[in-house]
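Derivation of every value follows stated rules applied to the coordinates shown; laboratory data play no part. Since we're looking at a predicted model, the values are computed, not measured. No Cβ is skipped: glycine too gets one built from the backbone with ideal geometry, and neighbour counts run over all protein chains shown.
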Amino acid sequence: MSKENWVFIAGLILIAAIPLTGSRFYIFLFTDIMIFGLFAVSLNLLIGYTGLVSFGHAAYFGIGCYTCALLITKANLPFAIAFAATGVFGAAAAVIIGFFCVRLTKIYFAMLTLAFSQIVWAIVFKWNALTGGDTGIYGIDFPKFLDSKIKYFYFVLFIVAVSLVVLRKIVNSPFGRILATIRDNPERTEFIGINVKLFQLIAFIISGFFSAIAGGLFAVFNHSVFPDFCHWPISAEVLIMTLLGGMYNFFGPMVGAGALLYLRLESTSYTEYWPFILGTILCLILFFAPGGIVGFIQDKIVRRGSSK
Amino acid sequence: MGIGFDASFLVIQLLNGLTNAMFIFLIASGLSIIFGVLRILNFAHGSLYMLGAYMTHQCVSVFINSPYRFWLAVLIAPLSVALLGGLIERTLLRRLYRHEELIQLLFTYALVLILGDFARFIWGVDQLSVSRPQILKGAVIIFGQYFPKYNIFIIFLGPCIAFLFWFLMLRTRWGRMIRAAALDRETLGALGINVDRLFTVVFIIGSWLAALGGALVSPVTTIRPGMDVEIIINAFIVVVIGGMGSFWGTFWGALIVGSVYSLGILVFPRLSIIFIYVIMILILITRPWGLLGRPLER
């Protein structure tokens with residue numbers, strides 16, 4: 001087994017042991033981290049692995065949130081069905097949106113993903129009758145078989161772990177290699193007979209699927225959903241998580257989510273200027289460690305290892 | 001309640017839309033010129049606009065005894081923000097030109113977070129306001145409806161600034177260099193032009209325009225935290241519709257967005273915001289370089 005696999009398994013065991021501490025704070029924090037970590041890792045399938053900077057991923061997260069919330073509260077469907085539907089709806093939206101977006105490159109791609117996600121937000125915000133508009137939807141209870149925070153924690157752990165295994169299989173498969181080739185040089189990839197747009201679209205759909213799954217998990221964890229979950233600052237925040245942890249490593253975005261959410265929770269008890277702190281950290285990372293936290297650590301280890 | 005009422009109301013709505021369009025134009029034109037030359041999508045542009053408004057409030061309080069306090073503020077506030085913009089470009093942004101777009105984009109977003117809290121730290125969270133200059137107080141009657149004098153001033157000022165800028169870009173040495181840099185900065189550098197300095201100047205001009213928008217909007221809005229992120233997406237929409245880097249494109253883009261907002265509210269109150277994004281998407285799908293822009297070679 002590769003070193004990365006050992007790290008993954010060790011990480012899973014450590015996280016699985018967290019409820020043993022009995023700390024409600026850590027159970028809450030790590031449920032949050034796992035959910036946003038999955039969201040960031042699925043965004044990184046596009047950014048780090050395919051070279052497409054989406055600035056509208058809040059759309060899929062938000063669609064996941066609202067699919068789950070609406071199917072449970074308005075349609076009275078069981079949690080299992082509602083949760084399964086989140087991925088389907090997220091992927092379906094990604095098919096439609098991605099179809100247009102992959103035709104564009106770079107800054108235009110980012111702008112179009114932003115525009116589509118703002119449409120999703122505007123619809124959620126304005127369609128009072130269905131989504132409750134600005135007030136959102138409240139009262140999304142834990143399902144019967146997951147009726148405590150600890151049980152839900154393990155459910156999230158299970159879903160996120162399975163999703164990460166699937167995503168890792170994807171990036172390490174021949175399909176994933178082609179995505180990396182597209183990232184490094186789209187023109188040349190096109191010349192060797194690969195349908196670049198199709199591969200980009202498939203990556204887009206997979207990313208939308210898992211982002212929506214993260215959204216579904218979050219809706220139930222939070223017991224309520226709001227239009228803000230589809231708004232562009234969420235897209236920016238998940239981009240920051242990705243970059244903070246490191247976009248050149250599979251688990252980087254997960255680490256980034258952990259760092260950001262932990263620091264936010266800690267800092268808000270000391271100061272109201274969390275955005276200032278986040279902006280400063282982001283600047284430091286951008287200027288001194290573009291590979292993010294994981295990239296920085298790997299760099300140190302590799303350098304130390306080679307100097308010995 | 002006949003047609004007459006509806007028509008005059010329509011005219012007023014249209015004039016309101018025009019006023020808003022001129023504000024958005026000022027802000028978006030700065031964004032557009034920065035994108036055209038530096039190829040950077042500047043999220044912090046909304047923050048510079050917000051700082052422009054706060055600084056205007058600050059200057060008005062400093063010159064409270066002067067009858068010309070508003071005009072002094074409109075003169076000084078944008079200049080101070082432009083200096084800040086130049087400082088940011090020289091010391092920080094400069095180092096990121098060789099990096100990929102994502103890094104630059106996130107840096108400007110980091111600025112949004114930092115400058116937003118900076119303003120909150122200095123001016124607090126309360127809503128601030130600036131009163132209109134004496135000469136522009138009151139309203140005129142148009143088709144039996146009151147319309148503020150200040151808005152009329154803005155409707156005339158917008159095109160004046162647009163023409164002035166267009167003329168400067170067309171006729172002056174700096175204008176020619178900026179247009180050349182937007183086309184091909186490598187060749188311009190090879191011709192012996194100091195492109196580094198040009199970038200700083202362009203960023204200063206862009207920051208000045210953003211802050212001027214903030215200064216001029218301050219008498220008709222409340223100055224408050226959050227006005228930075230509210231404006232930035234609208235500025236993006238305008239720039240995308242008109243064409244990133246295209247000056248007149250930005251002007252038309254602002255007119256389209258301004259009038260859709262004000263008239264859309266009459267026809268489909270709920271859908272006008274969606275309608276704007278639909279226009280943006282249609283433009284990006286059919287003409288990614290915008291109505292009056294030109295395709296990027298890269």
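Going by the alpha-carbon gyration tensor, a ≥ b ≥ c the square roots of its eigenvalues, is the range A:89-130 rounded (a/c under 1.5) or, if a/c is not under 1.5, prolate (a/b greater than b/c) versus oblate? It is oblate, given that a/c is not under 1.5 and a/b is not larger than b/c.
Just want the ordering: A:Y270, A:Y262, from fewest to most Cβ atoms lying within 10 Å of their own Cβ.
Numbers: A:Y270 9, A:Y262 15.
Exposure proxy ranking, most exposed first: A:Y270, A:Y262.
Name the residue from A:I18, A:T181, A:L112 whose Cα lies farthest towards the positive end of the charge dipole of chain A, charges +1 on Cβ of Lys and Arg and -1 on Cβ of Asp and Glu. Value: A:T181. Counted over chain B with a bin width of 5 Å, the fraction of Cα pairs per bin, in whole percents, is 1, 5, 11, 16, 18, 17, 14, 9, 5, 3, 1, 0, 0, 0. If eta is 1.306 mPa s and T is 10 °C, what Stokes-Einstein diffusion coefficient results for the protein assembly as shown, Kirkwood Rh from Cα pairs, in µm²/s? D = 62 µm²/s.
Averaged over its residues, how many other protein chain Cβ atoms are within 10 Å of peptide B:278-291's Cβ atoms? List each step's numbers first, then the result.
Working: counts 3, 1, 7, 10, 1, 3, 12, 7, 0, 0, 9, 1, 1, 0.
Mean shielding by partner chains, rounded to a whole number: 4.
Measuring how big the range A:24-258 is from its alpha-carbon positions, Rg and Dmax come out at 17.1, 55 Å.
Note on the protein assembly as shown: lysine pairs with Cα distance below 28 Å, sequence gap of 8 or more or different chains, count 14. If you bin all the Cα-Cα distances of the range B:1-142 at 5 Å, starting from zero, the percentages per bin are 2, 8, 13, 17, 16, 14, 11, 8, 6, 4, 2, 1, 0. Residues whose amide H lies under 5 Å from that of B:I142, counting only those 5 or more places away or on a different chain, are B:F147; hydrogens are built 1.01 Å from N in the peptide plane.
Calculated on the Cα set of the range A:11-59, radius of gyration then Dmax: 14.4, 41 Å. In plain terms, the bigger the Kirkwood radius, the slower the diffusion; for the range A:203-267, with that radius from Cα pairs, at 37 °C and 0.692 mPa s, Stokes-Einstein puts D at 255 µm²/s. I want to verify a result. In a Gaussian network model of chain B, Cα cutoff 10 Å, which of these has the top mean-square fluctuation: B:I103, B:I27, B:I281? Answer for the Gaussian network model of chain B: B:I103.
Please identify which residues in the range A:269-289 have an amide N closer than 11 Å to a label point set 7 Å out from the Cα of A:T21, following the Cα→Cβ vector. Within reach of a label on A:T21, which here means backbone N under 11 Å from a point 7 Å along Cα→Cβ, the range A:269-289 contributes nothing.
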